[in-house]
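Comments concern the structure below.
The values are calculated or read from the model by the stated rules, or taken from the named source; none is laboratory data. What you see is a predicted model, and the numbers here were worked out from it, not measured in a lab. As a convention, Cβ positions derive from the backbone with ideal geometry for all residues, glycine included, and neighbour counts pool all protein chains shown.
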Amino acid sequence: MKPRTRTGRPAKIYPTAVVLPGARLGSDVMIGAFTFVDAGAIIGRGTRIQGHTGIWNGVVLGEDVFVGPAATFTNVHVPRARWSHAPNWDATRVGDGATIGARALLVAPVTIGEGAFVGAGAVVTRNVPAYAIVVGVPAKVVGWTCACGQTRLYALRRPKALACATCGEPAVRGSRGRRSPSPSRSSPRARK
Ligand SMILES: CC(C)(COP(=O)(O)OP(=O)(O)OC[C@H]1O[C@@H](n2cnc3c(N)ncnc32)[C@H](O)[C@@H]1OP(=O)(O)O)[C@@H](O)C(=O)NCCC(=O)NCCS
Ligand SMILES: [Zn+2]
């Protein structure tokens with residue numbers, strides 16, 4: 001494994017993807033087939049989004065985020081067709097270097113920490129700490145990972161230090177001093 005090189009080129013958008021004017025896409029972004037990107041979406045440099053997903057208004061993806069195929073984002077916690085929530089979307093923020101597994105579902109408002117890993121098919125209803133691995137329905141922290149994802153440690157408690165043989169980074173960078181063995185509750189939701 002080696003780090004992907006950044007070319008600085010504009011986003012690559014595959015045929016059948018729809019990107020509305022106004023969406024902010026960094027360089028080296030990839031948008032897969034049958035993906036919809038809303039006018040207010042923000043997608044950081046180097047982020048890769050596979051096919052069959054929607055990046056709605058209120059969704060902010062950091063740099064080098066991986067979004068697996070058919071992952072589902074939301075932007076209204078309690079939707080009703082006859083009432084409009086615009087422009088008060090429930091936000092989803094995904095930190096730099098995080099991975100969202102295939103068919104994972106993120107129930108807004110929610111924040112995925114830097115470098116966190118959301119397993120395939122997880123339903124995320126609470127904030128995910130940096131470098132945590134979460135799986136299941138509802139998603140729970142089951143372990144911790146490093147920047148490259150190759151070192152994965154399955155333990156509820158965040159290890160103090162653990163060097164990764166592949167990337168050399170500590171398996172759990174960032175958020176030092178914070179202890180959150182399970183996903184934390186989102187900030188109080190604005191009731192609409
Ligand atoms: C989370 C993930 C990285 C774990 O992989 P891993 O570190 O190799 O771990 P394992 O496969 O050994 O699984 C460890 C345990 O977690 C469980 N598990 C793994 N992934 C899971 C998931 N997505 N949901 C629920 N449980 C999961 C396994 O069943 C296993 O449980 P067990 O010990 O009781 O048997 C991986 O399973 C995953 O979800 N990857 C995402 C793949 C994806 O979406 N790719 C998209 C691009 S193609
Ligand atoms: Zn690593």
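Annotations
- Note on segment 65-95: among residues that are within 20 Å of Val128 (Cα to Cα) and either of a type in the set (Ser, Thr, Tyr) or at pLDDT below 95 (or both), the one that is farthest from ligand 2 (Cβ to nearest atom) is Thr74.
- Looking at Gly58, Gly26, Gly46, Gly32, just one residue is modelled with pLDDT of 95 or more, farther than 15 Å from Ala11 by Cβ and of a type outside the set (D, E, K, R), and that residue is Gly58.
- Being under 23 Å from Gly46 (Cα atoms), touching a strand residue (DSSP E or B) at 6+ places or on another chain (Cβ under 9 Å), at pLDDT 95 or above and within 12 Å of ligand 1 (Cβ to nearest atom) is a property that Ile112 lacks.
- Summed over segment 74-106, residues that are in contact (Cβ under 8 Å) with a residue 24 or more places away in the chain and more than 16 Å from ligand 1 (Cβ to nearest atom) total 17.
- Scope segment 49-92; condition surrounded by fewer than 22 Cβ atoms within 10 Å (Cβ to Cβ), under 11 Å from the mean Cα position of the chain (by Cα) and not in a loop (DSSP other than H, G, I, E, B); matching residues: Val60, Phe66, Thr72
- The set of residues from segment 105-128 being assigned to a loop (DSSP other than H, G, I, E, B), under 11 Å from the mean Cα position of the chain (by Cα) and among the aliphatic types (A, V, I, L, M) comprises just one member, Ala116.
- Flag for Arg173 being touching a Pro at 6+ places or on another chain (Cβ under 6 Å), at pLDDT below 95, in a loop (DSSP other than H, G, I, E, B) and over 20 Å from Gln50 (Cα atoms): no
- Criterion (within 16 Å of ligand 2 (Cβ to nearest atom), without any contact (Cβ under 8 Å) to a residue 40 or more places away in the chain and farther than 15 Å from Leu106 by Cβ) met by exactly one of Lys12, Lys2: Lys2
- Restricting the first member to segment 156-169 and to residues that are closer than 14 Å to Ala130 by Cβ and free of Cβ contacts under 8 Å to residues at least 40 places away in the same chain, and the second to residues that are away from ligand 2 (no atom under 13 Å from the Cβ) and part of a loop (DSSP other than H, G, I, E, B), the beta-carbon pairs closer than 9 Å and six or more apart or on different chains are Arg158/Pro129; Arg158/Ser175; Arg158/Arg178; Arg158/Arg179; Arg158/Ser180; Arg158/Pro181.
- Pair list, Cβ < 7 Å and 6+ apart or interchain, from segment 114-132 residues that are closer than 16 Å to Thr92 by Cβ and touching a residue at least 60 places away in the same chain (Cβ under 8 Å) to residues that are buried (at least 20 other Cβ atoms within 10 Å of the Cβ) and of a type in the set (Gly, Ala, Ser): Glu114/Gly95; Glu114/Gly97; Glu114/Ala98; Glu114/Ala130
- Segment 150-165: number of residues that are within 12 Å of ligand 1 (Cβ to nearest atom) and crowded, with 19+ Cβ neighbours inside 10 Å: 1
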